[in-house]
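What follows is a set of notes on a single structure, which appears directly below.
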Amino acid sequence: MKKSCAFFASLLCGLSLIACSTNAKILLKQDSPSSSAKLADKPKDRAIKIITHDKYELCYIPTFSIGAEHYSYVGILNCALSEAKSARYDVFSRLAYNISNTWLCITAPSSVQTGLREYDYVQLSPCVINDNKQQWKLKNGSFYSLDESYMIKDDGSYLYAVWSKDKEFHTHTLHDSMQSWQETLATPGNISIVTYIAWDLMTKDGNQRYFLKNNQSDKNTMPLYYNIESGHIAQYDALGGALYCMYSKIGKNDWDWVEWGLCDDSKPPLDNKAFFKFVLVGENKVRIEDKDNNVLRLTRYGIHWGVPYVAKKDYIAKDTSNAPISEFSIPQETSDWLRFSLANIGENLPFCPAPGSVSVQNPPLVPDFSLTPQWRQRLMDIARSNDGTMGHISGVCGVCLLHTYQILAEILENPHNPRSSGGYFFDTRMGIDPFVSFRARNSLLYGSLSDMMSWFAPPTPRSYDDTSRNTLSLALATSISMLPQYNWSIFAYANTQAQINATFQNMINAQPGNVFIVLPISITPEGRFVGHALAMIRLNQGLVILPTNMATLTPATFNIITTPLNDVSSLLQIFTQIASVPHARVLNVGVLNANTFYHNSFEDFVSVANCTGEGEDRRGSASLPSASFVNQCASGRCHTF
């Protein structure tokens, strides 16, 4: 009756089942603004002309100097000077200069923003969308921080960020000729973010965190600038106002050191050796790959410890000296940016256009989901959507896991009205491989999951527990990729019968509306490891198992499997029959849980191109974010973090 699904690429006979139990309230649909998105305006770049307190007409002059505290400042001088460069007031509220093809923004010093100092020089730093020190709003012709706690003033020669209540510095205002410029919500020059790339080392003194910095690792945090369009990972030379990118020079070698060299925000060449992509593999964990899918690594010991290099994937198994690693830590904001990008690709955003201000999207789940006859038919149709072969594999998704995501997505999307045809991710149809329509409908999301797939490893008798834990972490990343609008977390990992019993009891005790993805790994009498995935949902009546990848499933069997249960022994009796192939023994069970929406700050102020998507709560452009196609916010100019 039950068909096994592929769990790892190397486990061709295994299953990929993940159980999604609804032990929480089903998520409410979010109200979305109108989908009438409008692209940012065509820029009208020009020098920023002001009227000083003593009625002089001057312009902002961005300047680099070794004598300045941050190697840059902004002066005010005669507008006829060639140094009075054109600036852009973009849709993200940034005052941006294109200097030698690098976008640099007027930035308030941290000392003033945090209240340590009442004033300090403004400076130039790479434009990013996740630094509110670069956000300025106009009020009475002057530039203020978003919260109006400080503003840009001058001393007659230089610009400062000054507490708004200050009376010593001079207030200046925009010249009347700047009216059209200030009303233009200009297309941004880039959509880079500031981030870091870190790794951890356990020592006798505890965990030590190091950060990538040039061709070394350092205990001090190193700001890096990541451009998702060009793939650039760059450091900033503050004195020269230039970016230095990491380049992959591996060529035909098995591995080679990375190099750092000049780069900018202009369109990169087709053979972009400075392209890197972040592949989510866990909570705030990534693997980093170049344009040819070679992997960024470093060794934790030896004379070259902490020095980054790139290696081919088929060489990694041989690359074992000095404890090399390929997994890096990133800040939450970077993880959220990747999550936003995936949500846009998968059309899983709540807004189109973005509202332009902070929203609260964390309602309780709906507790009253019921397995009506219509829902029973729909869920059974999903579970029988397979052609009887192993099917395609993408990321951690075998057929079983893809079924699991479709089941949960459709229940959470509209718990009271099941679809009768089509599907959230794939076209539900008996006898058809679901990956065919999934890939055809969203090749970018399929590709993202394929990137994750390359990091799964088959379990062995000596490593199955470690591998299973790694699988659970990767499954978390996959769930975030597939359904990023929900707050996924690891609910439990159980590798003894007592722990499995306790885990199921905790799921039974969860609030109605919780949903779960369950990932059991079993072993056959012949010693073959088998993985599976299925969904569970906590209803008012009890915990319900929702089967996946059962091509010959009958209504009578489906009704037995989906009986709401409130005791562990009854749950185990059904679970062990569908969790693996016949005669296999369950070794461990990993469980993921979602019980609320996930609030991603980027969705409040970023939307791209035609983001209508599939309607309410399914917004997005099905593409990677692009600076050229950023939309205005519903409020007009977008105010970020």
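Here are the numbers for this structure:
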{"read-out": "Packing-based order for 170-179, 82-91, using average beta carbon neighbours within 10 Å, highest first", "value": "82-91, 170-179"}
{"read-out": "Label point 7 Å beyond Cα of SER321 along Cβ direction - residues of the range 282-315 with amide nitrogen under 11 Å", "value": "302-304"}
{"read-out": "Of LYS133/LYS153; LYS85/LYS165; LYS249/LYS277; LYS267/LYS291; LYS38/LYS291; LYS55/LYS153, those spanning more than 22 Å from alpha-carbon to alpha-carbon", "value": "LYS85/LYS165; LYS38/LYS291"}
{"read-out": "Fully extended contour minus Cα-Cα distance, from GLN541 to LEU444, at 0.36 nm per residue", "value": "31.0 nm"}
{"read-out": "Amide proton proximity set for ASN588, modelled H, under 5 Å, gap of 5+", "value": "ILE521"}
{"read-out": "Likely footprinting exposure, THR114, THR576, fewest C-beta neighbours within 10 Å first", "value": "THR114, THR576"}
{"read-out": "Amide H contacts under 5 Å for LEU185, placed H, 5+ residues apart", "value": "ASP41"}
{"read-out": "Cα-centre dipole for the range 49-183 with unit charges at Cβ (Lys and Arg positive, Asp and Glu negative), debye to 20", "value": "200 debye"}
{"read-out": "Inter-part distance where the range 105-130 and the range 277-319 are each reduced to a Cα centre, Å", "value": "34 Å"}
{"read-out": "Mean separation of Cα contacts under 8 Å (6+ apart) over length of the range 175-221, as relative contact order %", "value": "22 percent"}
{"read-out": "Overall Cα dimensions of the range 366-597, principal axis frame, Å, largest first", "value": "46, 40, 34"}
{"read-out": "In Å, descending, principal axis extents of the Cα set of the range 73-132", "value": "36, 26, 18"}
{"read-out": "Most to least packed among 620-630, 490-500, 103-113 [average Cβ atoms within 10 Å]", "value": "103-113, 620-630, 490-500"}
{"read-out": "Rg over Rh [alpha-carbon atoms, Kirkwood Rh] for the chain", "value": "1.02"}
{"read-out": "Gain in span if fully extended, SER266 to GLN511, counting 0.36 nm per residue against the direct Cα distance", "value": "83.0 nm"}
{"read-out": "The range 597-641-the range 34-66 distance, computed between alpha-carbon centres (Å)", "value": "25 Å"}
{"read-out": "Relative contact order of the chain, pairs being alpha-carbon contacts under 8 Å that are 6 or more residues apart, as %", "value": "23 percent"}
{"read-out": "GluC sites (Glu not before Pro) restricted to DSSP loop in the range 579-641 with at most 15 other C-beta within 10 Å", "value": "GLU614, GLU616"}
{"read-out": "Sequence-distant residues sharing a close amide H with ALA354 (under 5 Å, placed H)", "value": "SER607, ALA634"}
{"read-out": "Ascending count of other beta-carbon atoms within 10 Å, so fewest first, for MET536, MET452", "value": "MET452, MET536"}
{"read-out": "All-pairs alpha carbon distance profile, the range 502-637, 5 Å steps from 0, percent", "value": "2, 8, 15, 16, 12, 10, 9, 10, 9, 6, 3, 1, 0"}
{"read-out": "Chain lengthening between LEU77 and SER569 when straightened (0.36 nm per residue, less Cα-Cα)", "value": "169.1 nm"}
{"read-out": "Per-peptide average of other Cβ atoms within 10 Å, ordering 314-321, 156-163 highest first", "value": "156-163, 314-321"}
{"read-out": "Unit Cα scatterers, Debye sum, the range 49-183: log10 I(q)/I(0) for q = 0.09, 0.16, 0.20 Å⁻¹", "value": "-0.22, -0.77, -1.31"}
{"read-out": "Alpha carbon centroid spacing (whole Å) that separates the range 82-97 from the range 137-194", "value": "11 Å"}
{"read-out": "Nitroxide proxy distance, nm - points 7 Å out along Cα→Cβ at TRP163 and LEU201", "value": "4.3 nm"}
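Throughout, read-outs are computed from the coordinates displayed, never taken from laboratory work. Not measured: the values here are computed from a predicted model. Virtual Cβ from ideal backbone geometry, glycine too; neighbours counted across all protein chains shown.
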